[in-house]
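What follows draws every value from the coordinates through simple rules; no lab data is involved. Computed from a predicted model, the values in this text were never measured in an experiment. Quick reminder, even Gly has a Cβ in these numbers, built from the backbone with ideal geometry, and neighbours come from all protein chains shown.
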Amino acid sequence: MRTKVRAINQLSFPIPEKLYYKIGEVSEITGVEPYVLRYWETEFDIIKPFRTRSKQRLYRKKDLDLILEIKKLLYEEQFTIAGAKRKLKEPSHKDERTSQVPLSKEEYKGILTAIKDELETIKGILE
C-alpha cells in the first residue's frame, strides 16, 4: 500500500497556474481535508471563495496562499485558532489583504466557464 508523503512546511509539487480551484483541488494541493477547509472558512473571515449558483466553492491563488499560511500557523507553529487570527491581523499580513485587486477579465471568464460547464452537466443529467 502506497501513501502520499507531503511535508507540512512545503509542498512536494508546485501549485498549478489556474484562475480558480475547486475544493477537492485545494485539499489535494494544501493537504488539508475539505471539511477542515469549510471549517476554516467559518473561523477565518479572510478566506472567501467565490460561490457558483450551485454553491460550489471556487478558490483563487490568494486563497490557497492564505490556507497554506493558516496551516503553517496551526500545525507547525502550534498557534490556536484565536492566536492564528491575531497573527494574521498583524500589519505585515493586513497590508497584503487590504491591497486586494478586483477580479481580472480572465478570472471572470474562468468563473463563467466553470458555471457554464456545470450548467451543461446539469442539462445532460436532466435530458
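Inter-label distance, residue 56 to residue 117: 0.7 nm, where each label sits 7 Å from its Cα along the C-beta direction. Assuming charge only on the beta carbon of Lys and Arg (+1) and of Asp and Glu (-1), the dipole of segment 21-126 about its Cα centre is about 400 debye to the nearest 20. Taking amide H as placed 1.01 Å from N in the peptide plane, residue 50 has its amide H under 5 Å from the amide H of 58, 60, each at least 5 places away in sequence or on another chain.
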